[in-house]
1. What is the one condition in (1) surrounded by 18 or more Cβ atoms within 10 Å (Cβ to Cβ); (2) touching a residue at least 60 places away in the same chain (Cβ under 8 Å) that V111 does not satisfy?
2. Which of the residues that make up the stretch 62-74 are open to solvent by 80 Å² or more (accessible area, probe 1.4 Å) and acidic (D, E)?
3. Counting just the residues of the stretch 24-35 that are open to solvent by less than 20 Å² (accessible area, probe 1.4 Å) and either touching a Phe, Trp or Tyr at 6+ places or on another chain (Cβ under 8 Å) or not in a strand (DSSP E or B) (or both), which one comes out farthest from I115 (Cα to Cα)?
4. Looking at (1) part of a loop (DSSP other than H, G, I, E, B); (2) modelled with pLDDT under 95; (3) open to solvent by 70 Å² or more (accessible area, probe 1.4 Å), which is the only condition G17 fails?
5. Scan the stretch 36-51 residue by residue and report those that are surrounded by fewer than 17 Cβ atoms within 10 Å (Cβ to Cβ) and closer than 13 Å to I103 by Cα.
6. Can you list residue pairs whose Cβ atoms sit under 8 Å apart, with the first residue in the stretch 67-86 being within 20 Å of N57 (Cα to Cα) and touching a residue at least 40 places away in the same chain (Cβ under 8 Å) and the second being β-branched (V, I, T) and surrounded by 12 or more Cβ atoms within 10 Å (Cβ to Cβ)? Count only pairs 6 or more apart in sequence or on different chains.
Amino acid sequence: MLRIESMLGRSDKSNKGNGIQLGNYTFDTKERLLIFESKNIHLNNTENLVLDLLCKNLNNFVTRDEIVKHVWGNEDLKLKEGSLNNTLSRLRKYLDKDARVAIVTRSTLGVKLLIES
């Protein structure tokens, strides 16, 4: 019975508007889901942390060093450069169905999640 109640509680939480609206997407950080037209894209922990940080700094650049520190701790950027690039590539692929949502990279500024009205 406790297990059923736990499962029902989890589904109730996801239906209470805990998601962040990103254009036509809904990002649920707690469930690590990106939802588009009732289709769920399950994010791994790294993708979830990066997207969450970009959402918290919406339309503003976050340095690559800040992202690496947020996701991997005090790791050196050079050690995690490839992992970060792969993560950003996957997130771009997930978000490509809405032209108003983009992840923009500038070598001197960093990375930002851009949502156009």
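1. (2)
2. Correct list: E66 only.
3. Only one residue tops the list, namely L34.
4. Answer for G17: the failing condition is (3).
5. none
6. As it stands, the answer is I67/V50; I67/V111, since those pairs meet every condition given.
For every residue, the table says whether it meets (1) surrounded by 15 or more Cβ atoms within 10 Å (Cβ to Cβ); (2) closer than 19 Å to L34 by Cα; (3) of a type in the set (F, W, Y).
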residue: N59; (1), (2), (3): no, yes, no
residue: L88; (1), (2), (3): yes, yes, no
residue: D96; (1), (2), (3): no, yes, no
residue: V104; (1), (2), (3): no, yes, no
residue: S107; (1), (2), (3): no, no, no
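The values are calculated or read from the model by the stated rules, or taken from the named source; none is laboratory data. These figures come from a predicted structure and were not determined experimentally. Cβ: placed from backbone, ideal geometry, glycine included. Neighbour counts: every protein chain shown. When the accessible area is computed, the model is the full protein with side chains, heavy atoms only, and any ligands, DNA or RNA have been set aside. Shrake-Rupley method; radii C 1.70, N 1.55, O 1.52, S 1.80 Å.
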